[in-house]
1. Helix-only estimate, please: 222 nm mean residue ellipticity of chain C, summing -39500 (n - 2.57) across DSSP H runs of length 4 or more and dividing by its residues, to the nearest 500.
2. Could you tell me the relative contact order of segment B:6-90? Use alpha-carbon pairs under 8 Å, at least six residues apart, and round to a whole percent.
3. Can you list the residues of segment B:16-60 with backbone N under 17 Å from a point 7 Å past the Cα of B:Thr2, pointing along Cα to Cβ?
4. Keeping all protein chains in place, calculate the accessible area per residue for segment B:6-90 (probe 1.4 angstrom), answer in Å².
5. Please list, or write none, the aspartates and glutamates whose alpha carbon is within less than 20 Å of the alpha carbon of C:Lys246, excluding same-chain residues fewer than 8 places away.
6. Let me confirm one metric for peptide C:305-318, namely the mean number of other chain beta-carbon atoms within 10 Å of its residues' beta-carbons.
7. Based on the mean of other Cβ atoms within 10 Å per residue, sort peptides C:254-260, C:242-248 so the most packed one is first.
8. In straight Cα distance, which lysines are under 20 Å from B:Lys33, not counting same-chain residues fewer than 8 positions off?
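The values are calculated or read from the model by the stated rules, or taken from the named source; none is laboratory data. Computed from a predicted structure; not experimentally measured. Cβ coordinates were reconstructed from backbone atoms using ideal geometry, including for glycine residues, and neighbour counts include every protein chain displayed. Protein only, heavy atoms only, side chains kept; ligands, DNA and RNA dropped before computing areas. Shrake-Rupley method; radii C 1.70, N 1.55, O 1.52, S 1.80 Å.
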Amino acid sequence: MMAPAVGRLLAAYLHDGTRHPMLERWRPERFALGQSQRREDMIIG
Amino acid sequence: MTTRTFICRCEDVTVKDCDAAIEAGFETIEEIKRFTGMGTGPCQGRECMVPLCTLLQERGVEGSDALAPFTARPPAAQISLGALADGARESTAIPTPTSSPEGEDS
Amino acid sequence: MGRRDAPLPEAVDLAIIGGGVMGLATAYELSKRAPERRICVIEGSYLVSGASGRNGGGVRSQWGDAGNVAIMRESLAICRGLAQTLNINLWFRRGGYLFLARSDASAARLARNIAVHRSVGAPTEQLTAREAKELVPELDVSNVRAATFNSEDGVVFPWPFVWGYASEASARGVAIRTHTRVTGLGEARHAGHDGYDLTLHTGESLWARRVLNATGAWSPVLNEMLGIDLPNRPHRHEIISTEPLKPFLDPLVVDLDSGLYFSQSTRGEIVTGVTMHDVPGGEDDRVNLGTSLEFLERMAANLTAVLPLARALHPVRQWSGPYDISPTATPSSVALLDTPTSSRCVASRVMDS
């Protein structure tokens, strides 16, 4: 569960525009731009 | 029923607990289940759903979905994981974990 | 906390759609930082109706990507004091996560993970099969070739997270409306600002300067309203809980080769699931919350092999929840619709995270 940490990152961005590097990495533009990203391979269940 | 009457005996949920849920704005059985934990024990609502319905009616809680029971889920009858595992081994569709594990690296 | 009759302002600075843990945590954190902002959360059903109410409650730093490991460590650190902050019992129990590898390929993955974890300071340890059995004597480790353990990881009861964030956000002025579906979403200017008009199934409407799509596996429905097509899709995962046992199992155990995981909740139940590569009943573009005998048998076969005492246990409930999966298995669903005019370059709107 990432929500406690990601909620803070999103709130910081919404508050004053602070962009954490992970928010940059998760920009949906990456799908359109075809940027290659490492696939997370530890999804369980 | 008094405020100390148990609605759910599996999870020790009382009338007072359910009243607190109603007070907090939860007005359907689905929500009251999740807020109080009623119905999440071994009986899975078989004992407690009707007493909760009665309470909600007494409290004047209305709404088309208020008294809808929470989702019925398997198992319908008791069955051990051992019996299920043996069933799986008879099925060719499910690989048994002890037969040469193949790691997948993707 | 949320109510179906919570009044909604006519205009808000931020409309969060989706009353799960992600939307509510964001609402709470923003309301703390910026109390003057008008924020509302709109949930189509009840507050834990989605993935936030249907998961196994694991919180771990043992991921494969260093960025994910660092974020999860931050989540774990927040969880330590969160029960006090949110004034609710989260049932957070830090028993660690124990990963088992039964093949060379899986052992290699664990070795690679340890290097990644150490690079961001996560104290993951490499264990032998014997050491794994010392941690959990009930395990059958006869096929185990390697293991890793991180004592910082833990399990929670997921529902109180949602109540806690909702009630503290609500106390800070966030309007939380439940049982209300967003049926229309489109760009609209208001008082000189770009933003969005939201239409609700109740016939109400409101304007929001920004919109956060926090509906997870349900997010494509909202995205479609704005002509946004992202490649994230719902993926159904099943899970069971068993009759309760006396506490005996400290860590959550993962068998990497089968994708089996199991933990003991604070209530004593074994909570367990297993990877199904093909979702029984087929893939679906929409969320499907069904359950299957295929899952139950596969889970039982794998669990009883690793934890033989489970043969005598009876499942109490089998349910399912959706993972929201993108092609790189990275988050995509919390989409922030922000300043439409500046953003036509990609997927027609700017969206973050």
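1. For chain C, the value works out to -8500 deg cm²/dmol.
2. Averaging sequence separation for qualifying contacts and normalising by length gives 28 percent for segment B:6-90.
3. It comes to B:16-19, nothing else.
4. Dividing the accessible area of segment B:6-90 by its residue count gives 47 Å².
5. Correct list for C:Lys246: B:Glu11, B:Asp12, C:Glu134, C:Glu138, C:Asp140, C:Glu269.
6. The shielding value for this peptide is 5.
7. C:254-260, C:242-248
8. Within the straight-line limit of under 20 Å, B:Lys33 reaches these lysines: B:Lys16.
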